[in-house]
Amino acid sequence: CIGNQCTCFDGWMGGDCSLRTCALGKAWADAAASPDEAHRPAECSNRGKCDRESGQCICDTGFTGKSCELTTCPNNCWERGRCVSMFYNARYKDPGYGTIYDYSTPWDAGRIFGCICDDGFHGFDCSLRDCNRGDDPMTTGQLDE
């Protein structure tokens, strides 16, 4: 410190430089600087609080990562599916139906995660069990559906 003015080393802040800073990440929500400029760097990506003693982000529910830059999969897919990014979902979409769009450049492509459920389960968090489908084997005289 020189006089009443301190210049803190990287990773430190405050009037006496005794407080730790936390990791920066692209902000999940902020005020846009211009029509094409948003998601500026923010401590804990604006989705957590900085523990000034440890310099670690304490992420809001549903967020994880060093700077709270990633979403979590709801209920960890109940261990009945895989947690994958939107980038992965777009890239490996079943090519049999619809258009496959390139989703590698949006700012959130590798940040938002969701569940791909194992066979026999469905729902946003794979919590629902599939029901049997098809013709009732107990009916007779009908065409198979």
> At a 1.4 Å probe radius, carbon and sulfur cover how many percent of the accessible area of the chain?
Replying inline: 52
> With every protein chain present, what is the per residue accessible area of the chain (1.4 Å probe, Å²)?
Replying inline: 74
> Between rounded, prolate and oblate, where does segment 43-109 land on the alpha carbon gyration tensor, with a ≥ b ≥ c its root eigenvalues, rounded for a/c under 1.5, else prolate if a/b exceeds b/c?
Replying inline: oblate
> Accessible area of residue 36, 1.4 Å probe, to the nearest 10 Å²?
Replying inline: 150
>> I'm checking a number: the convex hull volume of the Cα atoms of the chain, normalised per residue, in Å³. What is it?
In response: 163
> Top mean-square fluctuation among 112, 100, 58, Gaussian network model of the chain, C-alpha springs under 10 Å?
Replying inline: 100
> Which GluC sites (Glu not before Pro) does segment 37-78 hold that lie in a coil by DSSP with at most 14 other beta carbons within 10 Å?
Replying inline: 53
> What is the spin-label model distance, in nm, from residue 12 to residue 142 if the labels are put 7 Å beyond Cα along the C-beta direction?
Replying inline: 7.7
> In debye, nearest 20: dipole of the chain around its Cα centre with unit charges on the Cβ of K, R (+) and D, E (-)?
Replying inline: 560
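The values are calculated or read from the model by the stated rules, or taken from the named source; none is laboratory data. Not measured: the values here are computed from a predicted model. So basically every Cβ, Gly included, is an ideal-geometry build from the backbone, and we count neighbours across all protein chains shown. Just the protein is used for accessible areas: all its heavy atoms, side chains included, with ligands, DNA and RNA removed. Shrake-Rupley method; radii C 1.70, N 1.55, O 1.52, S 1.80 Å.
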